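Presented below is the structure to which this report refers.
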Amino acid sequence: MPTFSSDGVEIYYQVAGEGYPLVLAHEFAGDITSWEPQVNYFSRRYQVITYCHRGYPPSEVPKDPAAYSQDLQVEDLARLLRHLGIEQAHIGGLSMGGTLTVGFAIAYPEMCRSLVIASAGAGSDSSDREQLVALWQSLSESMITEGMEKFADGYARGAERVQFLRKDPLGWAKFHAGLAAHSAQGSSLTFRGVQMKRKTIYQLEEEMKNIRIPTLVMIGDEDGPCVEPAIFMKRNIPGAGLAVFPQSGHTINLEEPDLYNRTVSDFLTAVEAGKWVVR
């Protein structure tokens, strides 16, 4: 089982295919298996690298709350690339992984050939931020006290995920089962250390204006908390283009895998041909 040590925390990863490296960072409710449709598609042309964030088995689940933050996730990704001897890669992520992609581009722009930022920005609206953080705190506690299976029953049926259930009940059931099997401790500490403490997309406005990297922002039009942040990123990242998936929710890479893959593939082709404009 391939792992590497990120400052003492063992991180599990997989590499599929050959070619230019493409890294995919998963969402809070997912794990390395969430990228199966993308690995199957892109590994025909790229060296596709997926991994489990700290707190997500088979990666290590640290017990110390201080071992969880977006800054540490950024360092984990940088160390993964160094471990593999990769100087630069296409970097992509969804939801938590998408916000991580923004942070990685700010911290390590030289390691990014391009960025794919999908379904990112939940919690950025200041008008409901306090209420949302309180909800996250409650959910983080319920994972420990009531277990991941009960948490998954509610979380996987949220307003931004019922679209997946409606379109692909078998795929949704697999997603639900995976979430229910996550580490309660790792998921709870991730909520507390990452989602509840990271900067919002709107707070990164000045940093995003300095991102001179070809960027694709992707959003489902029914992913309410992330639509406005996606538009904000389009307006403030000089090299950003925006793709909107109709009647789609949060987990667009699983909900609409064919459209997701074709959209990303067209973007990467344009980047590699020098045809994606950074204004």
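No value in this document is a laboratory result; all are computed from the given coordinates. None of the values given here were measured: they were computed from a predicted structure. Reconstructed Cβ throughout: ideal geometry from the backbone, glycine too, with neighbour counts over all protein chains shown.
For this structure, a couple of remarks:
- Checked against the criteria, S69 counts as farther than 20 Å from N210 by Cα, of a type in the set (S, T, Y) and touching a residue at least 12 places away in the same chain (Cβ under 8 Å).
- Given (1) among the polar types (S, T, N, Q); (2) buried (at least 17 other Cβ atoms within 10 Å of the Cβ); (3) touching a Lys or Arg at 6+ places or on another chain (Cβ under 9 Å), index of the condition Q163 fails: (3)
- The criterion of at least 1 residues that are within 29 Å of R44 (Cβ to Cβ), without any contact (Cβ under 8 Å) to a residue 40 or more places away in the chain and not hydrophobic (A, V, I, L, M, F, W, C) is met by the following helices (runs of 4 or more DSSP H) wholly inside the stretch 195-279: 257-272.
- Just one of the numbered conditions (1) part of a loop (DSSP other than H, G, I, E, B); (2) more than 30 Å from V271 (Cα to Cα); (3) in contact with a Pro (Cβ under 9 Å, 6 or more places away or on another chain); (4) of a type outside the set (F, W, Y) is not true of L189: (1).
- Verdict on L115 being of a type outside the set (S, T, Y) and either surrounded by 19 or more Cβ atoms within 10 Å (Cβ to Cβ) or under 22 Å from E256 (Cα atoms) (or both): yes
- Filtered by the rule that a residue be buried (at least 23 other Cβ atoms within 10 Å of the Cβ) and more than 17 Å from the chain's Cα centre (by Cα), the stretch 205-224 gives a lone residue, P214.
- Within the stretch 102-136, restricting attention to residues that are within 12 Å of I213 (Cα to Cα) and among the hydroxyl-bearing types (S, T, Y), the residue that is nearest to the chain's Cα centre (by Cα) is S114.
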